[in-house]
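These notes concern the structure reproduced below.
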Amino acid sequence: MGKPYRPKDHYFQKAKQEGLRARSAFKVDELIKRFPMVKKGHVVLDLGAAPGGFLQILADAVGPKGRVIGVDIVAIRPFSQPFVQTAVLDVLADDFDAKLTELHDGPFDAVISDMAPKTSGIKATDEARSLRLAGKALELAAARGRPGSSFVAKVFMGRDFEDFRNQIRALFEEVKVVRPEATRGASMEVYLVGLRRRAPETPEAN
């Protein structure tokens, strides 16, 4: 069993006061303020988006000329803004890529993942599950991120953390490891941030 959840902490109260759906909204707010990842008119994919705290911040950041798509394995309460779209999808399902393409078939300016596995209490198992989800998010950033785009993934630090960071370094010009202020003290999570997606290499002409 993990440490008891204390729902009445500072960020919980602040989220309630500001009309935010989750205290986690302050994490993505900090990230996009620290790094120039999300701008007006951008198209952003939010993975593990329920209950919608990240979506609220991202919607404000991209504005009505942008678009935010949020997916999760549980339903997300709809947004009033027409440029915020949500769907119930499992990123590990065989048909996920096809269903995502139905929602948006163009490139993304940012792929942001707050996905986390259901924890088992077994450290190595939880770390492996966390990296599997983050790895899928990175696959999407590699396949669907436009050159110059950004990537964010929540991961549990563990044995294979450095290998995963190197995978991000291969795709992005700069990689940061960030523990946002709103992260709970006992949490093992950090966010890996990839900045400025490298343009895919094109085969040399004969």
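The values are calculated or read from the model by the stated rules, or taken from the named source; none is laboratory data. Owing to the predicted nature of the structure, the values given are computational and were not obtained by experimental measurement. Here the Cβ is made from the backbone with ideal geometry for all residues, glycine too, and neighbour counts use every protein chain on show.
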> In the stretch 75-95, which residue that is surrounded by fewer than 20 Cβ atoms within 10 Å (Cβ to Cβ) and in contact (Cβ under 8 Å) with a residue 40 or more places away in the chain is farthest from Gly135 (Cα to Cα)?
Replying inline: Arg77
> If you take the residues of the stretch 1-24 that are among the small types (Gly, Ala, Ser) and part of a loop (DSSP other than H, G, I, E, B), which of them is modelled with the highest pLDDT?
Replying inline: Ser24
>> On the basis of being more than 17 Å from Gly48 (Cβ to Cβ), at pLDDT below 90 and not aliphatic (A, V, I, L, M), does Arg159 make the cut?
In response: yes
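What's the total number of residues in the stretch 147-194 that are hydrophobic (A, V, I, L, M, F, W, C), part of a strand (DSSP E or B), in contact with a Gly (Cβ under 9 Å, 6 or more places away or on another chain) and surrounded by 18 or more Cβ atoms within 10 Å (Cβ to Cβ)?
Matching residues across the stretch 147-194 total 4.
May I ask you to say which residue of Ala116, Ala142, Ala134 is surrounded by 14 or more Cβ atoms within 10 Å (Cβ to Cβ), in contact with a strand residue (DSSP E or B) (Cβ under 7 Å, 6 or more places away or on another chain) and at pLDDT 95 or above?
Only one candidate passes the filter, namely Ala134.
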> Name the strands (runs of 3 or more DSSP E) wholly within the stretch 30-119 that hold at least 2 residues that are under 22 Å from Arg179 (Cα atoms)?
Replying inline: 43-47, 108-113
